[in-house]
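First the structure, in the form of structure tokens, and then the observations on it.
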Amino acid sequence: MTEKPVTILYIEDNFENRVLVRRVLESEGYAMIEAGTAAQAFEQIEEHLPDLILMDINMPDMDGYTLTAKIKEKPAYQEIPIIAVTANVMRGDKERSLKAGCDGYIQKPIDIDILTEQIERYRQKSKKP
Ligand code: MN
């Protein structure tokens, strides 16, 4: 019996970032789906109901804080852990991510050597006891 792979949605407008993260996470056995806009993100969530979302904060159509809040508004999606991914190093950015409803925070540039570990930590943390 094959276990269903953990599905991760990466919401990110930068194509190169998506390619890099997809390559890393697919090699670790995750199933990757992607969205480059907020509208695509909602389509992907509806279609695949991902196990976890990586959320770029700087997006052209809708910033990641707003998008996170909109996703978390929907009861069906509230259990999906959302990890903010951002290069913003301003103080308060982490707090803003958490306030918007993000479950965690990863700093850009993404450190691919610890990405899997970070994802698994947030997956464990968000599991209900
Ligand atoms: Mn971006």
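Which residue, chosen from Ala69, Leu20, Ile45, occupies the Cα position most advanced towards the positive end of the dipole of the range 1-117, where the dipole is computed from +1 (Lys, Arg) and -1 (Asp, Glu) charges on Cβ about the Cα centre?
Ala69
Enumerate the amide H contacts of Ala31 below 5 Å, restricted to partners 5 or more residues apart or on another chain; note that Pro and chain-start residues carry no placed amide H.
Val6, Thr7, Ile8
How about the range 1-98: which trypsin sites (Lys or Arg not before Pro) there are in a DSSP loop, with at most 14 other Cβ atoms within 10 Å of their Cβ?
Those that pass, being in a loop and sparsely packed, are Arg91.
Once the piece of chain linking Val6 and Thr37 is laid out straight, how much longer is it, given 0.36 nm per residue of separation minus the C-alpha distance between them?
8.9 nm
Over the range 7-126, what relative contact order in percent results from Cα pairs under 8 Å that are six or more residues apart?
About 23 percent, as a whole number.
Expected output is a single nm value to one decimal: the length gained when fully extending between His48 and Arg91, i.e. 0.36 nm times separation in residues minus the C-alpha distance. What is it?
Full extension of this stretch gives 12.0 nm more.
Placing +1 at every Lys and Arg Cβ and -1 at every Asp and Glu Cβ, with all other atoms neutral, what dipole size does the range 7-126 have around its Cα centre, in debye to the nearest 20?
440 debye
Compute the length gained on full extension between Met62 and Glu28: take 0.36 nm times their separation in residues and subtract their Cα-Cα distance, giving the result in nm to one decimal.
Length gained, Met62 through Glu28: 9.3 nm.
Quick one: which of Lys94/Lys125; Lys74/Lys108; Lys72/Lys108 span more than 20 angstrom between C-alpha atoms?
Violating the 20 Å Cα-Cα cut-off are Lys74/Lys108; Lys72/Lys108.
Label the chain by shape, choosing from rounded, prolate and oblate, from the square roots a ≥ b ≥ c of the eigenvalues of the Cα gyration tensor; if a/c is under 1.5 it is rounded, and otherwise prolate applies when a/b is larger than b/c, oblate when it is not.
rounded
Over what distance in Å are the Cα centres of the range 30-60 and the range 84-111 separated?
If we compute the Cα centre of each part, the gap is 17 Å.
How much net charge surrounds Pro109 when only the other residues with a Cβ under 13 Å from the Cβ of Pro109 are counted, with Lys and Arg +1 and Asp and Glu -1?
My count for the surroundings of Pro109 gives -4.
All of the numbers you see were taken from the coordinates with simple rules; none came from a lab. Predicted model, so just to flag it, every value in this text is computed and none were measured. Here the Cβ is made from the backbone with ideal geometry for all residues, glycine too, and neighbour counts use every protein chain on show.
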